[in-house]
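Asks: Provided herewith is a single structure, encoded as structure tokens, for subsequent inquiry.
The values are calculated or read from the model by the stated rules, or taken from the named source; none is laboratory data. Only a predicted model underlies this, so the values are computations on that prediction, with no experimental measurement involved. Positions of Cβ are generated from backbone atoms using ideal geometry, with glycine treated the same way; all protein chains shown enter the neighbour counts. For accessibility, only protein heavy atoms count, side chains too; no ligands or nucleic acids. Shrake-Rupley method; radii C 1.70, N 1.55, O 1.52, S 1.80 Å.
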Amino acid sequence: MKAAHEGPLTFAEVQPNDGLKAALARKRPDVIAEITRSGLRGRGGAGFPTGVKWNLAGAASGEEKYIVCNADEGEPGTFKDRVILSQYPDLVFEGMTIAGYVVGAKRGIVYLRAEYTYLLPQLESVLAQRREHGLLGHNILDKGFDFDIEIRLGAGAYVCGEETALIESLEGHRGEPRNRPPFPVDTGFVRRPTVVNNVETLAWAACILARGAEWFRGFGTEKSTGLKLFSVSGDCERPGVYEFPMGISIGELLEEVGARDAKAVQIGGASGHCVPRCEFHRTIAFEDVATGGSVIVFGPQRDMLKIARNFLEFFTEESCGQCTPCRDGNPKLLEGVRLLEEGRCSMRYLRDLIALGETMRVASKCGLGQSSPNAFLSIVKHFPQEIMGRTPQAV
Amino acid sequence: MGNHVTANQVQSRAPRSQQRQAPPVSPAPDAIGGTVSVEIDGKSIKVPFGTTILEAARQAGVRIPTLCYHEDLCVAGVCRVCVVEVEGMRTLQASCAYPITQPIKINTHTRKVRQARRHIIDLLLANHYGECYACGRNNNCELQALAKEYGVDFFRFGHPEKPRFEIDRSSHSVVRDMNKCVLCRRCIRTCIDFQEVGVLEAIGRGDQTRVTTFLEKPLAEVICINCGQCINRCPTGALRANDPTDEVWAAIDDPTKHVIMQTAPSPRAAIAECFGLPAGTPLTFEMNTALRRCGFDKVFDTNFTADLTIIEEGTELLLRLYKALVLGDKTVALPQFTSCSPGWVKFIEHFYPEYLDHLSSAKSPQQMFGALIKTYYAELNNIDPKDIVSVALMPCSAKKFECNRPEMCDSGYKDIDYGLTTRELAKMISEAGIDLPAMPKSDFDDPFGTATGSGVIFGATGGVMESALRCVIEIVTGKKVEEFYDHADIIPVRGFEGIRYVEIPLPEKLGPVIDLLKPLVPNWDWLAGATLKVAVAHGTANARKIMEDIKAGGHFSECHFIEFMACPGGCLGGGGQPIPTSPEIRAARAKAIYAEDSAYQVRKSHENPVIQRIYGEFLTEGPGGHKAHKLLHTHYTPRGKYIS
Ligand SMILES: Cc1cc2nc3c(=O)[nH]c(=O)nc-3n(C[C@H](O)[C@H](O)[C@H](O)COP(=O)(O)O)c2cc1C
Ligand code: SF4
């Protein structure tokens, strides 16, 4: 276990640019094979195998390809990408350069969350240094490979973290998710093959090339290998950014952060799941409770309905407004929570809302709508006594 | 004679989130992997690689309901009504947007699917303000139909009790009631992608999402060209035409008013659809009877002034050519553009104002008629023009704007008082208890009852061009068009291809100048052996392609005459026509129009005896003469690119 506020993370121990040097010294398929062997899966939340993604983009036809670093970090309760960007930006750029090398892209774009604008000058100066040191630009490390990175700013929409909405936004359109397939790996930015990776994914990729796939596989579980950063917040003694191996149990994690009396934890941010105390033995891994890194702890005093309301208010505002289940479903769930708070929601209507939540999960166009009912559904499932039977208020 | 050229396909202007992208690699259908087998509800079929699930299901005879999908438009995949279950996938897939690239098994009505669809419909209804029985789209509403299909018998998630938006009635043509909007975004895609105008866009996120205009201005203040294509594709009553039927009834009910109706060619080829008959059932003469029964005092045929338009516009073209080619006048603008589509006119006023001198100054048939009714006809019949109420039945919503243009008062009165759409007339006819298809036939009234086949085909894309060519070829060569084109059907300018380019070589030996034109040109020698280059475009997206080509000094800048129609298929696909619309429906209407043309004895405008008479006794200085200029010609207004 490593806490960012207590000491350096693994990222600090990896020699900068070792990964890049190692990658450029090898053939592209070898580099992809190394990443695939490491078992690295996307750290942005969906957990798509990074090696597979790079391979698909590499195999896609077309001369012009792009590497996009998703630095939109909009998930409530997530702030680990901010730590990486401010403390280990070289690793991220290195990861992008390696990705560029293996898929055959010449341009990389960092889509930086509007709220992180203050990081821009620092990031720009790191890019400038890298150009000076021959780590970016023309003929990188004399290997005849050209690659450069530019930074673009978002404008504050959560949905723009979704990779196709992000691409729309980069192209100057309203940030709305596209129909998939086709996926960005073959039809992405300006219709060219594009790799979209999370900040942390790219940093780990650089580490893996520096230290080898076996090193990475040494951590975590069979299906969820390696280390992972967690943004821990809420009712705990020591909130902050932590590094844990994948597969850690929720209980262990809570122990580390000083949250022994937690009643529930929200794993995966607003779009994640609310795990009650009785399930704290479960593990954080793609095969069990998946997360992009957000862990929000709820102490015994918390009102679970308020939590559900808070998340649903978020989604009611942040839905891109494109598709019916998400745009119109979230306000209905929110209304339902208000009814529950007022003790005016019938069992029958609650069942309708649960069914609606199921519909939203399967029928929404993108991950936002598909995951937006999760918190509501898990709270209703796990805390029925707490949410039902409130005293009706005078209307 | 004639060859076809299509301008390069420009990329759609709609955001890609609102489009289905082409699948990455699309092998030829006969190549390995060119076809894919799919199983839909247990039926196995083979489809070309990249076919959507929806297309495949239609092929397999399986119905999947849709809402945001429209055959004319790029795919958005936003309403989610068409979701289906694909075996092995956790989430449901929007069948309109999902390209089949590998063998899959699809189930279109599992419990999950039915429940999802029902929820989606419930949610749409929960945000759709209004009651069906107080709506212009009652019985012709896709939301209502879906609710019925899915057995909605209560509002599961409630129903709005109060409107959220003020109704925008600012436009003469289009009324927007966003309280009825279900955010399918067909109007947006129609405007920006299909028509390439770009008035409408979604703004706001989440539950604040709404469709609106630039800076949320009223429609009358933005670059809306009034084509009404969005109305034709709105699934609900959120968009409708500005309806003057109450005023028209009031005029009919007023015994001091002499109420005249002129009817354009396209409504008669389409109105049957409003009475449950198939598209392409012409009801021209039944409609005349119905109009009289409704109480109109006279029923005239707009085709008459279509013929007049041909004479005026054709003369203008020949004069432009004469001035440019013989007199060397460098100020003459060529190619000449047609000006009878008011949607197109407003389009060019907004987007290409520097080309306004290319527009023929001839008014549209509707407005020519208006000016003549309150002058020539009033004099002839000794009626005070102030007592005449002149109504035009048009397939068009832009005609409502056109008749309200301030310059359209050349008779000293408002030349046309009201523009009625096909849909609105159908409503009046029903209201009068008339069963239109069962009406006996009757003819148009004199003196403007005589028209030619040329006037009729104005309704179809290429029709104005064909009529003009029939006329110009005969006038210039002194020979019958039939000597060049069988039955005087100038086939190369017909069809539905978005842009058509045709070359018409003129013979070496040309005819004498006819009396009507003698004051204008001495002879045709200067046209001997020349090649007339003409083009036809329909839909403003195609118009834009030609205009961009002309701007770049391309191939179309060498044309002499170009016909532009704002609407797909020409007037027959106008924004005032019955809903729904689709390529097949428009093709059926076109067929009816060309059939009517063939049935005419006289098929060339200059042979219309009433035209000859009107130049003899009223417009005595001939085409383009002083009086013709005052009554039959107009001017245009440059407008902004962002606001009106
Ligand atoms: C609503 C929504 C928001 C998202 N926000 C982010 C984000 O802020 N950062 C991120 O890296 N991925 C985000 N994602 C996931 C991305 O779509 C995408 O899966 C990810 O960037 C891929 O990178 P990875 O494979 O490296 O994780 C979001 C997804 C959804 C549906
Ligand atoms: S699920 Fe929500 S965010 Fe995603 S496309 Fe639909 S409305 Fe937009």
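Asks: Using beta carbons and a limit of 6 Å, which pairs, at least six apart or on different chains, have the first residue in region A:362-375 and at the interface with chain B (Cβ under 10 Å from one of its Cβ atoms) and the second one more than 10 Å from ligand 1 (Cβ to nearest atom) and assigned to a loop (DSSP other than H, G, I, E, B)?
Replies: From region A:362-375, the pairs are A:V362/B:T91; A:V362/B:L92; A:A363/B:R80; A:A363/B:L92; A:S364/A:C323; A:K365/A:C323.
Asks: Need a quick list: helices (runs of 4 or more DSSP H) entirely within region A:21-93 having at least 2 residues that are hydroxyl-bearing (S, T, Y), at positive phi and surrounded by fewer than 24 Cβ atoms within 10 Å (Cβ to Cβ).
Replies: Counting at least 2 such residues, we get no helices (runs of 4 or more DSSP H) at all.
Asks: Another question, then. It is to be established whether one or more residues within region B:487-501 are buried (at least 23 other Cβ atoms within 10 Å of the Cβ) and under 23 Å from B:G622 (Cα atoms).
Replies: We begin by selecting, within region B:487-501, every residue buried (at least 23 other Cβ atoms within 10 Å of the Cβ); these are B:490, B:493, B:500-501.
From what is left, the residues that are under 23 Å from B:G622 (Cα atoms) are none.
No, that holds for no residue.
Asks: Of the conditions (1) facing another protein chain (nearest Cβ under 9 Å); (2) part of a loop (DSSP other than H, G, I, E, B), A:P392 clears all except one; give me its number.
Replies: (1)
Asks: Still on this structure, I have one more. Is one or more of the residues making up region B:355-370 polar (S, T, N, Q), part of a helix (DSSP H, G or I) and touching a residue at least 24 places away in the same chain (Cβ under 8 Å)? I'd like the intermediate steps shown before the answer.
Replies: Residues of region B:355-370 polar (S, T, N, Q): B:360-361, B:364, B:366-367.
Okay, now just the ones that are also part of a helix (DSSP H, G or I), so B:366-367.
Filter once more, keeping what is touching a residue at least 24 places away in the same chain (Cβ under 8 Å): B:366-367.
There is at least one residue in region B:355-370 that is polar (S, T, N, Q), part of a helix (DSSP H, G or I) and touching a residue at least 24 places away in the same chain (Cβ under 8 Å).
Asks: Looking at (1) closer than 22 Å to B:L183 by Cα; (2) within 13 Å of chain A (Cβ to nearest Cβ), find the lone condition where B:E71 falls short.
Replies: Unmet condition: (2).
Asks: Inspect all residues belonging to region A:255-264 and state whether any of them is in contact with a Leu (Cβ under 9 Å, 6 or more places away or on another chain), more than 18 Å from A:R282 (Cβ to Cβ) and hydrophobic (A, V, I, L, M, F, W, C).
Replies: no
Asks: Looking at A:A375, A:A308, can you tell me which residue is in a helix (DSSP H, G or I), within 16 Å of ligand 1 (Cβ to nearest atom), closer than 20 Å to A:C274 by Cα and touching a Cys at 6+ places or on another chain (Cβ under 9 Å)?
Replies: Exactly one of A:A375, A:A308 is in a helix (DSSP H, G or I), within 16 Å of ligand 1 (Cβ to nearest atom), closer than 20 Å to A:C274 by Cα and touching a Cys at 6+ places or on another chain (Cβ under 9 Å), namely A:A375.
Asks: Going by the structure shown, is B:R268 open to solvent by less than 50 Å² (accessible area, probe 1.4 Å), under 21 Å from B:I416 (Cβ atoms), of a type in the set (K, R) and more than 14 Å from chain A (Cβ to nearest Cβ)? Can you show your working first?
Replies: On the way: open to solvent by less than 50 Å² (accessible area, probe 1.4 Å): yes; under 21 Å from B:I416 (Cβ atoms): yes; of a type in the set (K, R): yes; more than 14 Å from chain A (Cβ to nearest Cβ): yes.
Against the criterion (open to solvent by less than 50 Å² (accessible area, probe 1.4 Å), under 21 Å from B:I416 (Cβ atoms), of a type in the set (K, R) and more than 14 Å from chain A (Cβ to nearest Cβ)), B:R268 qualifies.
Asks: Any idea which of A:R191, A:R180 is open to solvent by 10 Å² or more (accessible area, probe 1.4 Å), within 9 Å of another protein chain (Cβ to nearest Cβ) and on the phi > 0 side of the Ramachandran plot?
Replies: Working: A:R180 fails: on the phi > 0 side of the Ramachandran plot.
Going through A:R191, A:R180 in turn, the sole match is A:R191.
Asks: Among (1) facing chain B (nearest Cβ under 7 Å); (2) open to solvent by less than 20 Å² (accessible area, probe 1.4 Å); (3) within 16 Å of ligand 1 (Cβ to nearest atom), where does A:L356 come up short?
Replies: (3)
Asks: Considering (1) closer than 19 Å to B:L123 by Cβ; (2) within 16 Å of ligand 2 (Cβ to nearest atom); (3) of a type in the set (G, A, S), say which one A:A355 fails and leave the rest.
Replies: (2)
Asks: Another one. Please work out which residue is surrounded by the fewest Cβ atoms within 10 Å (Cβ to Cβ), limiting yourself to region A:303-320 and to residues that are within 7 Å of chain B (Cβ to nearest Cβ) and in contact (Cβ under 8 Å) with a residue 40 or more places away in the chain.
Replies: A:E318
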